[in-house]
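The structure appears below as structure tokens.
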Amino acid sequence: MTFARPMLLGHRGSPHRAKENTLESFRKALETGLDGIELDLHRTRDGVLVVHHDFELQGQPIAALDWPTLQQQAPWLPRLEQVFALAEEFPQAWLNLELKSQPGPSDGREALLVQALHGWPGRARAWISSFDPLALIRLYRLGVGVPLALLYSEPEMEELVPCLPVQGVHPQANLLSREKVEHLKARGLFVVTWTVNQVKAARELLDWGVDGVIGDWPEQLLAARG
């Protein structure tokens, strides 16, 4: 996967301008001129992919709630299809879809995501990341058709990369150095890092050659690009 230039992505949109992981937050991030957004996906009990960071909502597992109940409790939560519709208003915008999952038996969230992407004409502007290596393997076997990336905040996770069908990695920013970025890219991987909220740090990472930086403050990211 190659980008025309390093991507600047809004972390859950623009969380300091609007509630994170909402359509309003995504719109505000894209309106500032960012290249795309990062967002989090869960599966509800009745098979809907919803955008939310935590595995629980108000103390209840999202996987145990149905969509009508979620709409009542948190009407600001969008479905993935609503995000796709918003992205059509910004035809140059990229989507980093983080599939929230935990290792173990699948509840079918990977298949739902593959189906959703196959039905979206703009899927060439998307890729999927996950902390769950099993989810990445399932997505690949299901023929997801978009690039996959391993998310990690522990350096040992990098040892799994050769065993996974991924084209990229999403290491936490504090795991990177110029040498590490060069090493990862020499292995043919694209490198997107998170969560970067200072201009100096973002500028340094871009200088090291990362392919994308995810942050909470669009203005800081844009200032780093100069």
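Please report Rg over Rh for the stretch 149-212, where both radii come from the alpha carbon positions and Rh follows the Kirkwood definition.
So for the stretch 149-212, dividing Rg by the Kirkwood Rh gives 0.94.
Can you work out the PRE-style zone for Q115? Point 7 Å along Cα to Cβ, and I want the residues of the stretch 47-66 with backbone N under 15 Å.
Output list for this probe position: 47-50.
In nanometres, what is the gap between the two model label sites at Q167 and S106, each 7 Å from Cα along Cα-to-Cβ?
1.9 nm
Taking all protein chains in place and a 1.4 Å probe, what share, in percent, of the accessible surface of the chain do carbon and sulfur account for?
Carbon plus sulfur share of accessible area: 51 percent.
If packing is taken as the average number of other Cβ atoms within 10 Å across a peptide's residues, how do 89-97, 68-76 rank, most packed first? Write down the numbers at each step before the final one.
Values: 89-97: 18.1, 68-76: 13.7.
Taking the mean over residues of other Cβ atoms within 10 Å, the ranking is 89-97, 68-76.
Using a 10 Å cut-off on Cβ atoms, rank the peptides 120-129, 54-63 from the highest mean neighbour count down.
Working: 120-129: 18.4, 54-63: 12.9.
Order by mean packing, descending: 120-129, 54-63.
Under the Karplus relation 6.51 cos²θ - 1.76 cosθ + 1.60, θ = phi - 60°, what is the ordered set of whole-Hz ³J(HN,Hα) values for the stretch 184-198, x standing for Gly and Pro?
In residue order, the calculated couplings are 5, 6, 5, 8, x, 9, 8, 10, 10, 10, 8, 9, 10, 10, 10 Hz.
For a test of understanding, tell me how many lysine pairs in the chain have Cα atoms under 25 Å apart, given they are 8 or more places apart or on different chains.
6
Which whole-number percent is the relative contact order of the chain (Cα, under 8 Å, 6+ apart)? Provide the component values of the computation, followed by the final result.
Details: 440 pairs, mean separation 45.9, N = 226.
It comes to 20 percent, rounded to a whole number.
The chain: D in µm²/s via Stokes-Einstein (Kirkwood Rh, Cα pairs, 25 °C, 0.890 mPa s)? Before the final figure, lay out each step's value.
Details: Rh = 17.6 Å.
The calculation lands on 139 µm²/s.
What does the convex hull of the alpha-carbon atoms of the stretch 110-226 project to on average, in nm²? Walk me through the numbers before you get to the answer.
Values: hull surface 30.4 nm².
Mean projected area for the stretch 110-226: 7.6 nm², to one decimal.
Ordered by residue, what ³J(HN,Hα) values in Hz, to whole numbers, does the stretch 46-55 give under the Karplus form 6.51 cos²θ - 1.76 cosθ + 1.60, where θ = phi - 60° and Gly and Pro are x?
9, x, 10, 8, 10, 9, 6, 7, 6, 6
Charges only on Cβ, +1 for Lys and Arg, -1 for Asp and Glu: so what's the dipole of the stretch 1-70 about the Cα centre, in debye to the nearest 20? Each step should come with its number before you reach the end.
Values: 8 positive and 10 negative charges, 41 e Å.
Dipole magnitude for the stretch 1-70 comes out near 200 debye.
Placing +1 on the Cβ of each Lys and Arg and -1 on the Cβ of each Asp and Glu in the chain, which of L99, V144, L112 has its Cα farthest towards the positive end of the resulting dipole?
Comparing the listed Cα positions along the dipole, V144 ranks first.
Can you bin every Cα-Cα distance in the stretch 1-100 into 10 Å intervals starting at zero and give me the percent of pairs per bin, rounded to whole numbers?
That works out to 16, 48, 28, 8, 0, in percent per bin.
Give me the accessible area per residue for the stretch 1-149, probe 1.4 Å, as a whole number in Å².
Details: 6490 Å² over 149 residues.
Accessible area per residue: 44 Å².
Counting only DSSP beta bridges with both residues in the chain, tell me the antiparallel percent, nearest 5.
Working: 6 of 35 bridges.
The antiparallel fraction comes to roughly 15 percent.
Can you list residues from other chains, or at least 5 along the same chain, whose modelled amide H is less than 5 Å from the amide H of L57?
Counting only residues 5 or more places away or on other chains, the set is I62.
For the residue pair H183 and L142, what label-to-label distance in nm results when each label sits 7 Å from Cα along the Cα-to-beta-carbon direction?
For H183 paired with L142, the spin-label model returns 3.3 nm.
What are the semi-axes of the equivalent ellipsoid of the stretch 89-172, taken as the square roots of 5 times the eigenvalues of the Cα gyration tensor, listed largest first and rounded to whole Å? Let's see the in-between values first.
Working: eigenvalues 92, 49, 22 Å².
Semi-axes (√(5λ), whole Å): 21, 16, 10.
The values are calculated or read from the model by the stated rules, or taken from the named source; none is laboratory data. Please read all numbers here as calculations on a predicted model, not as lab measurements. So basically every Cβ, Gly included, is an ideal-geometry build from the backbone, and we count neighbours across all protein chains shown. Note: areas computed on protein heavy atoms with side chains; ligands, DNA, RNA excluded. Shrake-Rupley method; radii C 1.70, N 1.55, O 1.52, S 1.80 Å.
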